[in-house]
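Contents: one structure, followed by commentary.
The values are calculated or read from the model by the stated rules, or taken from the named source; none is laboratory data. All values derive from a computational prediction rather than experimental measurement. Please note: Cβ atoms are built from the backbone with ideal geometry, for glycine as well, and neighbour counts cover all protein chains shown.
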Amino acid sequence: EATIEVNGLRKRFGPTLALDGMSFTVRPGRVTGFVGPNGAGKSTTMRVVLGLDAADEGTALIGGRPYRSLREPLRHVGALLDAAALQPSRSARGHLLWLARSQGLGARRVDEVIGQVGLRSAARRKAGGFSLGMRQRLGIAAALLGDPPVLMLDEPVNGLDPEGIVWIRGFLRSLAAEGRAVLVSSHLMSELQGTADHLIVVGRGRVIADTGVAELIAAA
Ligand code: ADP
Ligand code: ADP
């Protein structure tokens with residue numbers, strides 16, 4: 001079942017309270033925007049949901065169960081956390097083949113996702129020479145490999161050129177239209193315009209507003 005459920009997450013880094021009762025649900029079939037200023041706790045929440053970081057309190061579930069780590073097969077969730085974290089010496093396709101192999105997936109799936117993100121003509125170039133926007137596309141391709149019902153993308157618009165921004169809007173909408181749960185973070189509300197159906201607005205480690213975009217517009 002394509003959902004993310006976050007309930008009462010608290011997390012401290014030394015003196016910093018990064019998460020202070022973070023709670024929300026991400027439902028399938030729509031793009032949910034996760035918006036708030038830098039330092040609001042968006043990345044930490046995503047890392048906890050993925051089991052890459054432990055919360056001090058609270059629970060995080062994907063499809064009704066805790067997710068242990070990204071080392072689990074990526075059939076349940078795909079994530080774009082830090083597009084810079086790619087192996088620079090491999091070609092884009094080589095990087096994806098390496099990831100696919102560890103999940104028992106073949107070259108055909110790799111070539112499919114390369115086409116989906118528009119990297120076909122750059123697939124044999126080294127990822128180290130990629131622009132940030134191309135790295136974002138490659139990171140999204142990696143997130144899609146296992147055809148997961150749940151996707152989490154941390155600031156995917158960063159570094160994209162205007163054409164890339166238009167592309168990602170339509171692309172995220174099509175992924176949601178296929179019934180996936182898509183959580184996409186941004187520090188800028190404007191980046192999520194025309195993309196998100198639902199907004200979770202956060203600040204200081206907690207949810208400030210959780211609303212449908214249509215309701216928000218109707219209320220304004
Ligand atoms: P956002 O993604 O909304 O920008 P983060 O989740 O990255 O916010 O950060 C929330 C807060 O936790 C910030 O104050 C940040 O500096 C702090 N923080 C995040 N990760 C760490 C870490 N590994 N060590 C110390 N502080 C951290
Ligand atoms: P974002 O802005 O997307 O939250 P950051 O650049 O803040 O990303 O964080 C990138 C990495 O650095 C993450 O692994 C995060 O946990 C860590 N980090 C963030 N803030 C701090 C901090 N104050 N001290 C140490 N590590 C941090």
- prompt: Considering only residues of the stretch 52-71 that are more than 16 Å from ligand 1 (Cβ to nearest atom) and surrounded by 12 or more Cβ atoms within 10 Å (Cβ to Cβ), which is modelled with the lowest pLDDT?
  reply: Leu70
field: Total residues in the stretch 100-112, condition exposed (fewer than 14 other Cβ atoms within 10 Å of the Cβ), touching a residue at least 12 places away in the same chain (Cβ under 8 Å) and of a type in the set (D, E, K, R)
entry: 0
message: Yes or no: the stretch 160-169 includes at least one residue that is surrounded by 14 or more Cβ atoms within 10 Å (Cβ to Cβ) and within 16 Å of ligand 2 (Cβ to nearest atom).
response: yes
- line: Note on the stretch 23-58: residues part of a strand (DSSP E or B) and within 14 Å of ligand 2 (Cβ to nearest atom) are Phe34, Val35
task: Scan the stretch 181-205 residue by residue and report those that are of a type in the set (Val, Ile, Thr) and more than 11 Å from ligand 1 (Cβ to nearest atom).
output: Val182, Val184, Thr195, Ile200, Val201
query: Arg93 passes all but one of (1) part of a helix (DSSP H, G or I); (2) at pLDDT 95 or above; (3) within 16 Å of ligand 2 (Cβ to nearest atom); which number fails?
result: (3)
- line: Among strands (runs of 3 or more DSSP E) entirely within the stretch 138-220, at least 1 residues that are touching a Phe, Trp or Tyr at 6+ places or on another chain (Cβ under 6 Å) and under 27 Å from Gly39 (Cα atoms) occur in 181-186, 198-203, 206-212
- prompt: Is at least one residue of the stretch 114-133 assigned to a strand (DSSP E or B) and either under 18 Å from Gly29 (Cβ atoms) or of a type outside the set (Asp, Glu) (or both)?
  reply: yes
task: Take the stretch 113-146 and flag every residue that is surrounded by 22 or more Cβ atoms within 10 Å (Cβ to Cβ), over 13 Å from the mean Cα position of the chain (by Cα) and among the polar types (S, T, N, Q).
output: none
query: Can we say Arg124 is away from ligand 1 (no atom under 16 Å from the Cβ), in contact (Cβ under 8 Å) with a residue 24 or more places away in the chain and among the charged types (D, E, K, R)?
result: yes
- line: Inside the stretch 1-20, the number of residues satisfying the requirement of being in a strand (DSSP E or B) and either basic (Lys, Arg) or within 14 Å of ligand 1 (Cβ to nearest atom) (or both) is 11
